[in-house]
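K.L.:
Okay, here's the structure, questions in a sec.
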Amino acid sequence: MSISSTGKSVVQMNTDPLQQLLNDACSILKDGEPLDELSGLSIAGLLYEITTQLQTEKVVNIEWNVYKTRIKVANALEDCYKGSKAIPKNQFLNHLRSQLSRPSKRTKVRGYYFIIPTQMPRIYYQWIKGLSHRLLFHTQQSISSRIKLPAANAKAEQLYHDNAISCPKHPVLIQIFTKDLPLPKALNEAEREINLLRVCINMTAVASLDMQSNGKWVPPYPFVAPPLLHVFDEKGAFLETYHDPVTLEFEHLFKISPLTVEQLNVAKSLLGNIRELAPSVRDALVHPLLLFQEGLDLPFQHLAFSALWRVLESIWKLDTNEKINHDDVVKTVSSFFGPGSLQASRVKAVLKAIGIKRHAWVHLSEHEGIDAMDCNWLRLVLHDVLIWLVKQPEVASFSDSKTLRSFFLHYRLYSQSLSKADQEAISTLSAIKAIRSIRKL
């Protein structure tokens with residue numbers, strides 16, 4: 001017997017992880033409760049876990065971490081249940097695929113304005129003006145009058161009222177415009193741009209451990225998740241407000257730390273470094289950055305743990321289809337702390353220990369040993385590694401992601417066998433050059 005993410009006792013069966021989650025959903029529906037994540041974090045946690053597993057197993061083509069996707073997952077579960085004792089995995093997957101294949105109400109290619117209210121504390125919008133070339137920063141007064149903001153504000157106030165939350169002040173509004181995209185892709189583009197900005201700002205926070213008396217996973221946040229996203233058409237007419245119910249109460253879930261001008265300058269430098277990279281190298285590095293932000297945004301400890309480990313794998317794997325090897329992931333990532341150094345060996349020991357817990361969870365469904373400190377240690381390691389990668393001078397000279405991967409794999413060999421590294425990298429001259437330049441340090 002064990003406790004599910006919903007807090008209910010469930011019988012452990014000899015099934016795969018996704019089927020176990022479907023069994024958890026079945027027990028909720030059996031009690032007459034709807035699978036509506038607005039009803040609480042426990043239901044939201046289960047739906048997040050199911051979409052995580054769908055994305056991990058790649059059994060259904062889904063837009064990861066999108067609220068609409070979780071709604072369709074919940075609908076498919078309710079449709080498949082129908083008072084039965086179990087929800088068969090194949091029936092659920094087939095039903096979900098049919099739901100996902102239904103065309104969106106808005107598929108017309110057009111331009112959209114997105115206005116994203118933020119709660120960035122103690123920051124004047126003038127300080128962040130020009131921080132990102134894709135995003136414009138405004139106050140309620142400085143935004144163009146052609147964008148019908150009052151209608152959006154009224155919708156926001158209603159959402160907060162419906163969720164019994166007092167509507168907070170949003171001193172900074174971020175505006176982004178997308179052109180020639182259908183709405184679903186435009187939404188993804190807007191989310192990607194705002195999260196890239198957020199991760200660069202959040203990485204300016206001091207890399208320190210945050211101890212909580214209750215052991216809760218609470219990373220420090222200079223730039224929390226925006227609770228709302230308003231959509232307007234090309235003429236500025238208000239269309240819709242999208243929100244994630246979890247982020248409406250974000251300030252109660254996470255520790256919001258104030259920003260400084262110095263931190264914003266660091267973030268500006270990181271964004272500048274990313275912009276200067278070759279397109280495929282930039283895409284390869286932006287992927288783990290966005291995954292890192294996703295891991296920080298999950299208030300559920302075990303989901304955050306899984307998401308942060310995926311960042312490690314994405315750094316090692318990049319854009320290849322090669323099978324992931326746990327030892328290679330640990331060896332490569334720890335080498336970024338100085339191949340053969342004492343710090344690298346200690347990081348390696350931490351990652352190995354955490355990796356054992358991850359293996360037990362993923363393959364044996366045993367997660368009792370995972371705690372907030374595991375998430376914190378992963379956050380600290382990733383914080384340093386990602387900043388190192390973005391700032392690494394050699395990376396800026398690479399013309400494609402293949403050479404970047406060669407550099408990763410051969411850099412870790414530097415303290416073990418320089419001749420072997422040179423020999424294996426003979427086909428990637430820029431990787432050899434990067435290794436030799438580091439060898440001279």
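The values are calculated or read from the model by the stated rules, or taken from the named source; none is laboratory data. Model, not experiment: these values are computed from the prediction. As a convention, Cβ positions derive from the backbone with ideal geometry for all residues, glycine included, and neighbour counts pool all protein chains shown.
K.L.:
Can you tell me which residues in region 111-142 are in contact with a helix residue (DSSP H, G or I) (Cβ under 6 Å, 6 or more places away or on another chain) and either farther than 30 Å from SER269 by Cα or free of Cβ contacts under 8 Å to residues at least 40 places away in the same chain (or both)?
P.N.:
Result: PHE137, THR139.
K.L.:
For region 237-289: of the residues being modelled with pLDDT of 90 or more and touching a strand residue (DSSP E or B) at 6+ places or on another chain (Cβ under 7 Å), which is surrounded by the most Cβ atoms within 10 Å (Cβ to Cβ)?
P.N.:
PHE238
K.L.:
Starting from region 238-250, keep only residues that are within 16 Å of LYS155 (Cα to Cα) and assigned to a helix (DSSP H, G or I), then list their pairs with residues that are small (Gly, Ala, Ser) and at pLDDT 90 or above whose Cβ atoms are within a distance under 6 Å, requiring at least 6 positions of separation or different chains.
P.N.:
none
K.L.:
Within region 25-43, can you find the residues that are at pLDDT 80 or above and within 21 Å of the chain's Cα centre (by Cα)?
P.N.:
ILE43 - this is the single residue of region 25-43 that is at pLDDT 80 or above and within 21 Å of the chain's Cα centre (by Cα).
K.L.:
Mind listing just one residue for me: the one in region 136-159 that is among the aliphatic types (A, V, I, L, M) and in a helix (DSSP H, G or I) and, of those, farthest from ALA237 (Cα to Cα)?
P.N.:
My answer is LEU159.
K.L.:
Taking the options ARG358, ARG379, name whichever one is over 23 Å from VAL286 (Cβ atoms) and not aromatic (Phe, Trp, Tyr).
P.N.:
Only one candidate passes the filter, namely ARG358.
K.L.:
Does any residue of region 160-173 turn out to be part of a strand (DSSP E or B), out of contact with any Pro (no Cβ under 7 Å at 6 or more places or on another chain) and on the phi < 0 side of the Ramachandran plot?
P.N.:
Yes, that holds for at least one residue.
K.L.:
Could you tell me which residue of region 313-354 is modelled with the lowest pLDDT, considering only residues that are within 23 Å of the chain's Cα centre (by Cα) and polar (S, T, N, Q)?
P.N.:
Only one residue tops the list, namely THR320.
K.L.:
Under 7 Å between Cβ atoms, at least 6 apart or on separate chains: pull out the pairs that start in region 80-94 with a residue that is among the hydroxyl-bearing types (Ser, Thr, Tyr) and end on any residue that is surrounded by 12 or more Cβ atoms within 10 Å (Cβ to Cβ).
P.N.:
TYR81/CYS26; TYR81/LEU29; TYR81/ILE87
K.L.:
Of GLY130, GLY83, which residue is under 28 Å from GLN293 (Cα atoms), surrounded by fewer than 21 Cβ atoms within 10 Å (Cβ to Cβ) and modelled with pLDDT under 85?
P.N.:
Step by step, each of GLY130, GLY83 is checked, and only GLY130 is under 28 Å from GLN293 (Cα atoms), surrounded by fewer than 21 Cβ atoms within 10 Å (Cβ to Cβ) and modelled with pLDDT under 85.
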